[in-house]
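Okay, structure first, notes after.
The values are calculated or read from the model by the stated rules, or taken from the named source; none is laboratory data. What you see is a predicted model; the values in this text were computed from it and never measured. When we count neighbours, we look across all protein chains shown, and the Cβ atoms used for this are built from the backbone with ideal geometry, even at glycine.
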Amino acid sequence: MTNVDIGKLFSLHPNIVGLCRKSLLNKGYLVKDTEDKRIHYLTDKLSGIELPIINGKKDSRECIVPFEIYNNPNLKTGSKLLWGEYNTMSKTENGYYSKRETNSKRMNVSDGSITNWTKELFANEFLEVYEVKSGYITKNKKL
């Protein structure tokens, strides 16, 4: 599939698809076919990756992004991925809580990006509640 085809399938800009494909090639997760350079194959490099340790435990969560999210043209790519990240959290008695700093470290983006994407998800009605809980030291968001 071309970058344009993949972009249409996942409602992503073709340039983002191209950048991600190059990154996967550079990191060894994809290889090009020896005869037709337009064809790419997955490698087995992913099987050798150690799961990250977060709060003393291996992070083995799975992120599932449904069609309504990844195909939504009103959401930026980061917002779609953040929704998947929020979807992996466990519900507590007080709802879902997530620190902006924790999500920014997991996704390797700035704290400001997390804030912008969360506001975008809320504005598009993919989050029911968006409150900032301020305390003496921390700020938490209830989702």
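Data table
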| read-out | value |
| --- | --- |
| Tabulated pairs, region 64-82, first in the same structural domain as residue 116 (by TED's automatic domain parsing) and farther than 14 Å from residue 9 by Cα, second acidic (Asp, Glu) and outside any loop (DSSP other than H, G, I, E, B), C-beta under 7 angstrom, 6+ apart or interchain | 75/120; 76/120; 79/120 |
| Output for region 21-47, where each listed residue is of a type in the set (A, V, I, L, M, F, W, C), at pLDDT 90 or above and assigned to a helix (DSSP H, G or I) | 24, 25 |
